[in-house]
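The values are calculated or read from the model by the stated rules, or taken from the named source; none is laboratory data. All of these numbers come straight from a predicted model, not from anything done at the bench. Here the Cβ is made from the backbone with ideal geometry for all residues, glycine too, and neighbour counts use every protein chain on show.
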């Protein structure tokens, strides 16, 4: 969850900085500096901790002699299965993202384009919003029972399905905004030009909402990558995802601060890469319709 | 090319009837313009012909083939939209060849057809551009090209010139007309602009509130409007309308208007006491200085070749077209007359035409 907060605030601060710097005086600058410090401070602490020996962290030694041993231990250590956790996370996040994009895009298209009675579309969209507001923790109990009955407990499928469920509301809302921006005439032109409805969707509609797919995909992927409580509850050691693995560095008798920090830094890499690549799509997606 | 036959077509949205009993026959190669105020159903009718809107009742046939149940792609029609609806992710060449590629035509043939159409429409230098890099007028031409390249049985135009500026609109109007004269493709063209309708149509269809008010050649409709609505809709500036009651006298029937004026009516069999609407066009108001009607000039609009003068006649406003040599200023008193033979007489209650004028 920590990494998603960091990652999400990147584009936001990037867009607000110039306006504040121009308009505000030293109060604004100070507040901004505090905000940046609040966001980057913990990250910087983790980053430096990942290069320290455990003893240096305890003694607060500064300056310290940097070491790569934590990374070596986390990634290549005989006792570490962190690479396996990364693979698990990649599989779960990729599969759930792919699935949520398919389901969410089709649902959003249907809700936006087809002439549903108002109670159907409003009801569905309202429910997704309510669902989005329910704390995930309340659902974990029922899910645990349901998946154990179905024989899906401790499988990646269970985790993928729950992540799809959790990400669906955001995907539907985001994709619906993109479909709403598309004039229906473009599809109608395709129909008159000789497309079957599905062909028009694939050849004309879908290529035009690719920015939306990228934005929703990145947000869904990062959420799934960071998701902790469900992954903790529905998987055992073998199928643990990255956040769960990181938490396990805090054991009963000892907290492996340095390795935990190294694992945390490794875990932010996909999010940082994705945000760097897709930032402009995400900013556009979240503000779509706000400005013409 | 093909004829279009529309038989008794109706349209209902849920329980609201928006269109009923539409009958229209479009001859092979004809250029038909559907014209009416917004919300009159003209675009809906066009979309029903295209297959984008289902038909509630009746039958539509294109080229003698009933198309009610056919998908838009099976009807062999091409449509130009008001917003152009170009595919934003495809360049001009791909936009134009889209339908041909869907029909799996040979690449060499596609190239030849696209090149030929691009030459016709002066689109050659733009073929590699994306729609967003084109001006409004260029987009409009690409939309036309996308329709023409297919050689469809029927062209449908949904207010294609509405988004252009006035000057370009007039130029494109002429160009579309010239294109039609060369291609002789059956075309149905929707517009709310009566000038477009007058200038482009072989025959125009005036629609109002989901019904057809009149079908006819532009000048016939102008000269013999079938209803008061048509009379008021066609013609710019709008026709002058006076309502009142018929009075009989020794010199023939005349109208005692609601403003207390008296207007001689054309010889017809209207009975005294009937409530009528008498309509006369600005060009039939004669400012000769000796007419029976006293008036005062309120506004003068010189257009160049002619001048429109708005008169205050006994509390009503009347528009008159006068020669540019006639110098009038607001406030000038004038006398005017309306030729009885040029007056259209309509039933004041339902707007139906009562007189036949020459």
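Couple of notes before you dig in:
- Each residue in segment A:129-161 was checked for being without any contact (Cβ under 8 Å) to a residue 40 or more places away in the chain, more than 20 Å from residue A:97 (Cα to Cα) and part of a loop (DSSP other than H, G, I, E, B), and 4 of them qualify.
- Residue A:212 being touching a helix residue (DSSP H, G or I) at 6+ places or on another chain (Cβ under 8 Å) and either within 14 Å of chain B (Cβ to nearest Cβ) or surrounded by 23 or more Cβ atoms within 10 Å (Cβ to Cβ) (or both): yes
- Selected residue [under 16 Å from residue B:99 (Cα atoms), more than 10 Å from chain B (Cβ to nearest Cβ) and touching a residue at least 60 places away in the same chain (Cβ under 8 Å)] from A:201, A:178: A:201
- Flag not set for residue A:245, criterion: part of a loop (DSSP other than H, G, I, E, B) and within 22 Å of the chain's Cα centre (by Cα).
- Candidates B:302, B:282 - the one that is touching a strand residue (DSSP E or B) at 6+ places or on another chain (Cβ under 7 Å) and at pLDDT 90 or above: B:282
- Meets criteria (within 14 Å of another protein chain (Cβ to nearest Cβ) and more than 27 Å from residue B:95 (Cα to Cα)) for residue A:135: no
- Selection of segment A:208-229 for residues being more than 16 Å from residue A:106 (Cβ to Cβ) and in a helix (DSSP H, G or I) yields A:211, A:214, A:215, A:218, A:219, A:221, A:222, A:223, A:224, A:225, A:226, A:229.
- Segment B:180-283 holds strands (runs of 3 or more DSSP E) entirely within its bounds, and those carrying 1 or more residues that are over 30 Å from residue B:167 (Cα atoms) map to B:211-216, B:240-247, B:254-257, B:262-264, B:275-280.
- Candidates in segment B:92-102 are the residues that are at the interface with chain A (Cβ under 10 Å from one of its Cβ atoms) and free of Cβ contacts under 8 Å to residues at least 40 places away in the same chain; of these, the one that is surrounded by the most Cβ atoms within 10 Å (Cβ to Cβ) is B:102.
- Qualifying residue in segment B:18-40 (condition: within 14 Å of another protein chain (Cβ to nearest Cβ) and either surrounded by 14 or more Cβ atoms within 10 Å (Cβ to Cβ) or more than 27 Å from residue A:181 (Cα to Cα) (or both)): no
- Residue match in segment B:124-137 (condition: within 12 Å of chain A (Cβ to nearest Cβ), surrounded by fewer than 21 Cβ atoms within 10 Å (Cβ to Cβ) and within 30 Å of the chain's Cα centre (by Cα)): yes
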